[in-house]
Amino acid sequence: MNVTPPTAKISSVALKHNVQVIKQKAPNSKVIAVVKANAYGHGIEFVSSALDHLVDCFGVARLSEALSLRSKGIIKPILLLEGFFSAKDLPIIAVNNIQTVIHNQEQLDELKKAKLPNKIKVWLKIDTGMHRLGVELDQVEDFYQQLVNCPNVAEIGFVSHFSRADELMCDYTELQLERFLQVTQGKLGERSISASSGILFWPQAHLEWIRPGIIMYGISPNNTPAEIYGLTPVMTLTSSLIATRNHKKGEPVGYGGIWVSEKDTKIGVVAIGYGDGYPRDMPEGTPVYINGRKVPIVGRVSMDMLTVDLGTDSHDKVGDEVILWGKELPIEEIAAISGILSYELITKLTPRVLTEYID
Ligand SMILES: *Cc1c(COP(=O)(O)O)cnc(C)c1O
């Protein structure tokens, strides 16, 4: 008997392929590769090393993420997408060649006050309609002038973020882009507004810098399988069968007895559960892939295991590989069935899941 525990298999070939596809889609834009949240669960060290010579900058959400890249020897610029959180971060940012977003007056005041060993590049975040972060359109001129006059600033860029770019028939994206172009017109500085959906669906919004996240990992920003866009999933989440059992018609399976078999069948027990980050909310009937076919989850997902209906005539054995998502079973399909966003599925995985870097 040889059973492999839950493992995220990560392909650097797929990762590099996806970045090439993205660059072909936006040939005139430089690339900020977004590797926040442990590179969307794919391993920040591995992903950033694999991409170091392919991209122009890395995007993260926390200073700790930026510093972990530096400690792994990454020397490309790094952008703090939400800016810095406190004044004491600024000298660390300056000496580590980190760039920061500025999205409010509090940050700008700290930047003006700071005594830094060198100037830093900052990106002024403009709220064009997301209404989450950013300075309002009528404040842009004022903020821009304050930055121009700030001795700590080496260079100024402009960033904004779409709220509905995954909706192809929605003209809100065009409105946001129009506002962004208009308010930055005549100001010296590079511009960036497109994350994955902007890159795929709104080529007029590519501008000088794009910020791909989810599509680098071969996952679509909506529930359309990413293969349609020429992308390949980077992660295959696998586990194994740890038991197969004969199961009688009319008998329940698992906590709460919520599923009762309508026929005699075989139940497979798979070693993965919500303790690994596979959501407990995954509905009954969600497929897993085993020995060349899809079989449905039955009963409730528990902490370390889940159960599947292998079917009466199945020949699956203990130790057989089970794929939860990957090339054979697109994560977009799992997202659509469960109502849990792909973004959330991949970032939820816990450290108990092993990571294996293939090819
Ligand atoms: C996370 C993030 C991105 C990447 O978004 P995707 O939809 O994964 O491409 C880009 N820009 C900002 C500001 C972000 O926070």
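Starting from the Kirkwood Rh over alpha-carbon pairs, what translational D in µm² s⁻¹ does the stretch 12-219 have by Stokes-Einstein at 37 °C and 0.692 mPa s?
Approximately 190 µm²/s, per Stokes-Einstein.
Using the Cα centre as the reference, give the magnitude of the dipole from point charges on the C-beta atoms of the stretch 12-219 (Lys, Arg: +1; Asp, Glu: -1; all else neutral), rounded to the nearest 20 debye.
Values: 22 positive and 22 negative charges, 159 e Å.
Here the size comes out at about 760 debye.
Please compute the volume of the convex hull spanned by the alpha-carbon atoms of the stretch 235-357 and report it per residue in Å³.
97
With a 10 Å radius around each residue's Cβ, average the other Cβ atoms per peptide and rank 216-229, 110-123, highest first.
Values: 216-229: 20.9, 110-123: 16.7.
The peptides rank, most packed first, as 216-229, 110-123.
Considering the dipole of the chain built from charges on the beta carbon (Lys and Arg +1, Asp and Glu -1) around the Cα centre, which of VAL260, VAL270, ALA50 is farthest to its positive end?
ALA50
Subtract the Cα-Cα distance of THR312 and LYS88 from 0.36 nm times their separation in residues, and report this length gain in nm to one decimal.
Additional length available on full extension: 74.3 nm.
Based on DSSP, what percent of beta bridges with both residues in the chain are antiparallel, to the nearest 5?
Once the DSSP bridges in the chain are tallied, antiparallel ones form about 50 percent.
Along the charge dipole of the stretch 87-169, which of SER160, PRO91, MET130 sits closest to the positive end, that is, farthest toward it, with unit charges on the beta carbon of Lys, Arg, Asp and Glu (+1, +1, -1, -1)?
Value: PRO91.
Which value, in nm² and rounded to one decimal, describes the direction-averaged projected area of the C-alpha convex hull of the chain?
For the chain, the mean projected area of the Cα convex hull comes to 19.7 nm².
Lys/Arg Cβ at +1, Asp/Glu Cβ at -1, dipole of the stretch 12-219 taken about the Cα centre: which of VAL31, SER194, VAL148 is farthest positive-ward?
VAL31
Relative contact order for the chain using alpha-carbon pairs under 8 Å, separation at least 6, rounded to a whole percent?
Across the chain, relative contact order equals 20 percent.
Which peptide among 144-154, 338-348 comes first, and what is the full order, when sorted by highest mean count of other Cβ atoms within 10 Å?
338-348, 144-154
In straight Cα distance, which lysines are under 24 Å from LYS88, not counting same-chain residues fewer than 8 positions off?
By straight Cα distance, LYS88 reaches LYS36, LYS72, LYS76, LYS112, LYS113, LYS115, LYS119, LYS121, LYS125.
Rounding to the nearest 20 debye, state how big the charge dipole of the chain is about its Cα centre with +1 on each Lys and Arg Cβ and -1 on each Asp and Glu Cβ.
800
Distance between Cα centroids, the stretch 64-126 to the stretch 1-60: provide it in whole Å.
Cα centroid to Cα centroid, the span is 23 Å.
Every number in this text was worked out from the coordinates using simple rules, so none of it is lab data. Bear in mind the structure is a predicted one, so any value in this text is a computation, not a measurement. We place every Cβ from the backbone using ideal geometry, glycine too, and count neighbours over all the protein chains shown.
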